[in-house]
Each structure stands twice: as C-alpha cells, then as structure tokens.
Amino acid sequence: MSTKSKVAVIGLGNIGSIVASNLVKGNRSIIVADRTFDKAKNYAEELGSLAEPQEIADAIQNADIIVLALWFNTIQEFFGTYATALQNKIIVDPSNPIAPDENGGFKKIIGEHESAGQILSSLLPKGAKLAKALGSLGAGSLADAAFRQPEKAVLFYATDDTSINVKIEELIHDNGFEPVRIGKIEESIRMEVFGDLHEFGALAKTITLSEASNLSLESSL
Ligand SMILES: NC(=O)c1ccc[n+]([C@@H]2O[C@H](COP(=O)([O-])OP(=O)(O)OC[C@H]3O[C@@H](n4cnc5c(N)ncnc54)[C@H](OP(=O)(O)O)[C@@H]3O)[C@@H](O)[C@H]2O)c1
C-alpha cells in the first residue's frame with residue numbers, strides 16, 4: 001500500500017481534470033470532487049480505478065492534500081464554507097486572480113502588486129498550510145508537457161512552510177513535472193499569470209530544470 005499522502009482534486013474543469021489525469025498517469029490514487037457528485041463520478045469512471053469520486057465534504061475529510069482547482073473568488077468563498085473541514089490540511093492553490101476583460105482577453109482583478117497566493121494565505125483556515133502550485137503553465141502545456149522525455153518540464157511552487165516541500169514536490173513529480181520552489185508565498189506573483197515565471201507572462205514557454213537554473217530564484221536548484 002502506498003505511503004503517499006492522499007490527494008483530493010476539487011474542481012474538475014480545465015486544470016483540475018488535467019491534474020487528476022496526470023496524477024493517475026503518475027500512478028497516484030486520488031479523490032475527485034466537483035460541485036455535483038455526478039460530474040466527479042463520470043470523470044472518475046473515465047480515469048479508472050485509481051480515481052475515487054466523493055462529495056466535497058468527504059473529499060476534504062479523507063485527503064491530506066487538497067488541490068483547489070477553482071477560480072480565485074470561488075476559493076475565497078470555499079475557505080469560508082469549509083473552514084472547519086480544511087483545518088490543518090495542505091491546500092494547493094493553482095489560481096490566477098483574473099477575469100475576462102472587454103477585449104476578449106483577461107484582466108487582473110486584484111491590485112497590480114498583489115497575488116492570489118498572498119491574499120489566500122491571509123485567509124487560510126486554522127492550521128492549514130498553503131502551497132501555490134500547479135498553476136504556472138496553461139492547461140494545454142499542463143497536459144501536453146507532462147512526463148516529457150528526455151527532460152521533464154518544470155512546475156514552480158511557493159510555500160511559507162518548508163515542512164510541506166517534500167509532499168508538494170512528490171505531487172508535482174507525480175503530475176509528470178520537475179518541481180522548483182521559487183521561495184515563500186510572497187513570491188507567488190511571479191508564477192501567476194503576467195508574472196515573470198508564468199507561461200502566460202514573461203517566461204512565455206515551458207522550461208527544463210537546467211534552463212530554470214539560469215533564472216533568478218531564491219531556492220537553490
Ligand atoms: N485554464 C488554464 O489554462 C489555467 C492555467 C493556470 C491556472 N488556472 C487557474 O486554475 C483555476 C481553475 O481554472 P479552470 O480553467 O480549470 O476553470 P474551469 O474550467 O472553469 O473549472 C472550474 C471547475 O470548478 C468547479 N466549481 C466551481 N465552483 C465550485 C465549488 N464551489 N465547488 C466545487 N467545484 C466548483 C466548476 O464546476 P462547474 O462547471 O459546475 O461550474 C468547474 O468544474 C483558476 O483559478 C485558474 O485561474 C487556469
């Protein structure tokens with residue numbers, strides 16, 4: 001039996017469905033949940049026996065790592081709704097604080113120098129630990145670049161609590177990517193959309209570990 005932490009992926013849209021599918025490809029057993037149980041059940045059937053559908057409250061209770069593949073505003077509400085259940089959990093936030101603009105693009109919905117990661121870290125349920133992760137690539141690359149050979153692509157992450165680094169790195173490895181910690185949650189802005197480490201920001205591509213070693217990062221690679 002696996003000794004790895006149980007992961008629940010909540011929100012099975014573009015990002016959540018790919019994270020769930022990558023984890024199954026990485027041989028990780030997961031719980032999946034969405035607003036309706038039927039959506040989770042149907043997707044779990046597609047993924048096979050490693051994916052188990054559960055109601056959201058059960059998914060939170062039965063997992064140690066909760067990937068919230070939800071929009072930034074929804075995560076803020078979610079923290080309120082599930083404040084007690086989320087206590088002491090590891091919460092993974094891939095969100096970008098954006099909404100459609102009037103020109104068919106996207107605009108930031110928080111201050112220019114603010115990040116979703118920092119705002120969410122100030123709202124965390126008691127004892128919960130936050131990792132900003134799984135959001136530094138667009139959905140297309142998150143699917144297409146997973147388990148790439150011969151050199152894996154990098155997914156950045158940020159955490160304040162370094163005691164969860166090992167679990168977050170395992171989660172990223174099992175998604176088929178090479179984890180690179182960029183520093184504390186205050187660095188999240190760099191890996192959110194428009195940031196210098198986001199595929200839809202200055203970075204503009206996927207990179208390998210050796211390419212990441214040329215970037216200015218707090219952590220040693
Ligand atoms: N798409 C990308 O390329 C990309 C890249 C990096 C990061 N991100 C970030 O990832 C997050 C998810 O983006 P996405 O593109 O995957 O969005 P999405 O396709 O709209 O998926 C969101 C999912 O969350 C579900 N949901 C909504 N409210 C919920 C709730 N209260 N409880 C449980 N599930 C709920 C939605 O269900 P319904 O369908 O029923 O509404 C939907 O399945 C966002 O924060 C986004 O900024 C996206």
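Laboratory data are not the source of any read-out in this text; all were calculated from the coordinates shown. Every value quoted in this text rests on a predicted model; they were computed, and no experiment measured them. Every residue, glycine as well, gets a Cβ built from its backbone with ideal geometry; the counts of neighbours run over all protein chains shown.
Points to keep in mind about this one:
- Relative contact order (%) - criterion: Cα under 8 Å, at least six apart; region: region 118-166: 42 percent
- Neighbour counts of other Cβ atoms within 10 Å put I98, I189 in the fewest-to-most order I98, I189.
- Computed over region 14-133: relative contact order in percent, which uses C-alpha pairs under 8 Å that are six or more apart: 21 percent
- Whole-Hz couplings from phi, Karplus 6.51/-1.76/1.60, listed for region 188-203; x for Gly and Pro: 3, 3, 5, 10, 8, 3, 6, x, 6, 10, 9, 4, 9, x, 5, 5
- Rounded to whole Hz, the Karplus (6.51, -1.76, 1.60) HN-Hα couplings of region 89-104, x for glycine and proline: 7, 8, 10, 10, 10, x, 6, 10, x, 9, 8, x, 9, 7, 9, x
- Cβ-defined net charge surrounding L203, 12 Å radius [Lys, Arg +1; Asp, Glu -1]: -2
- The H on the amide N of D160, modeled in the peptide plane, is under 5 Å from the matching H of L130, I185, each at least 5 residues off or on a different chain.
- Neighbour-count order for D34, D101, fewest beta carbons within 10 angstrom listed first: D101, D34
- Contact order normalised by residue count of the chain, Cα under 8 Å, 6+ apart, percent: 17 percent
- In terms of packing, defined here as the mean over residues of other Cβ atoms within 10 angstrom, the peptides 51-57, 90-96, 202-208 line up highest first as 90-96, 51-57, 202-208.
- Beta bridge orientation in the chain: antiparallel %, DSSP, nearest 5: 25 percent
- Ellipticity estimate at 222 nm from DSSP helix runs (n ≥ 4, -39,500 (n - 2.57)) divided over the chain, nearest 500: -8000 deg cm²/dmol
- Region 7-212 - convex hull of the alpha-carbon atoms, volume per residue in Å³: 117 Å³
- Proxy reagent accessibility, fewest Cβ within 10 Å first, across I182, I30: I182, I30
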